[in-house]
1. Could we say that Tyr52 is open to solvent by 70 Å² or more (accessible area, probe 1.4 Å) and modelled with pLDDT under 80 here?
Amino acid sequence: MLKRLSTLVAAGAFVALLAPAAQAFTPAPLTASPDTILVAQGCGPGFHRGPYGRCRPNGYVVAPVCRRVWVAGAGWRRVCR
């Protein structure tokens, strides 16, 4: 009986010691200060995270070059490359 009582007292003391420490781990509110620069994924402007976590440059869009050409028997056709 005394062993069970001492185990309960020890468990209660352990839980009581953990209660104040649990409040220390609450997340802080996320507010942006004026000296904070928000950057996408931590890579900087013009970059993104690749499949293995490294920073890679963003892709560039190249517009196709199209022109009209005369094809014998078919007339004018639009050709893009």
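The values are calculated or read from the model by the stated rules, or taken from the named source; none is laboratory data. Predicted model only: the values in this text are computed from it and were never measured. The accessibility values were calculated without ligands, DNA or RNA, using every heavy atom of the protein model including side chains. Shrake-Rupley method; radii C 1.70, N 1.55, O 1.52, S 1.80 Å.
1. no
Residue-wise test of (1) open to solvent by 100 Å² or more (accessible area, probe 1.4 Å); (2) modelled with pLDDT of 75 or more.
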{"site": "Val15", "(1), (2)": "no, no"}
{"site": "Ala19", "(1), (2)": "no, no"}
{"site": "Pro27", "(1), (2)": "yes, no"}
{"site": "Pro34", "(1), (2)": "yes, no"}
{"site": "His48", "(1), (2)": "no, yes"}
{"site": "Val62", "(1), (2)": "yes, no"}
{"site": "Val65", "(1), (2)": "no, yes"}
{"site": "Arg68", "(1), (2)": "yes, yes"}
